[in-house]
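Input: a single structure, listed below in structure tokens.
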């Protein structure tokens with residue numbers, strides 16, 4: 001998946017508190033005149049590189065995932081009619097029964113439907129067969 005500049009700006013904002021903590025540690029070390037040996041500096045740089053790699057592989061793809069909660073997460077889900085939609089009835093989506101309204105045509109019991117919208121606690125559905 002191609003990442004964008006906007007994605008990286010989000011990551012940088014998320015890393016600001018870690019960057020501030022690292023800067024504070026270096027400031028304290030500098031004020032106390034404590035030198036950091038080269039091997040430790042190299043290990044810290046490698047750890048930072050690994051952190052950036054993990055963020056690139058784990059965090060950025062989540063920015064592009066479809067929302068799966070709330071009413072927006074219902075849109076596109078499939079279900080089955082358990083009480084005929086004439087145009088209102090009941091459908092089963094997942095393990096839950098929902099009040100539903102068809103988008104125009106009557107739909108018989110047992111037919112497959114797709115959720116195309118949500119109005120309050122009523123799903124707007126259309127037949128999968130048409």
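The values are calculated or read from the model by the stated rules, or taken from the named source; none is laboratory data. If you're wondering where the values come from, they're calculated on a predicted model, not measured in any experiment. Cβ coordinates were reconstructed from backbone atoms using ideal geometry, including for glycine residues, and neighbour counts include every protein chain displayed.
General observations
- Neighbours by Cβ (under 8 Å, 6+ apart or cross-chain): first from the stretch 8-36, within 30 Å of residue 62 (Cα to Cα); second modelled with pLDDT of 75 or more and not in a helix (DSSP H, G or I): 11/59; 14/59
- In the stretch 27-40, the residues that are in a helix (DSSP H, G or I) and surrounded by 11 or more Cβ atoms within 10 Å (Cβ to Cβ): 29, 30
- Some residue of the stretch 46-62 being touching a residue at least 60 places away in the same chain (Cβ under 8 Å) and either exposed (fewer than 10 other Cβ atoms within 10 Å of the Cβ) or not in a strand (DSSP E or B) (or both): yes
- Residues in the stretch 71-95 that are over 15 Å from residue 122 (Cβ atoms) and modelled with pLDDT under 85: 72, 73.
- Selected residue (criterion: surrounded by the most Cβ atoms within 10 Å (Cβ to Cβ)) from residues of the stretch 104-125 that are more than 25 Å from the chain's Cα centre (by Cα) and closer than 15 Å to residue 77 by Cα: 111
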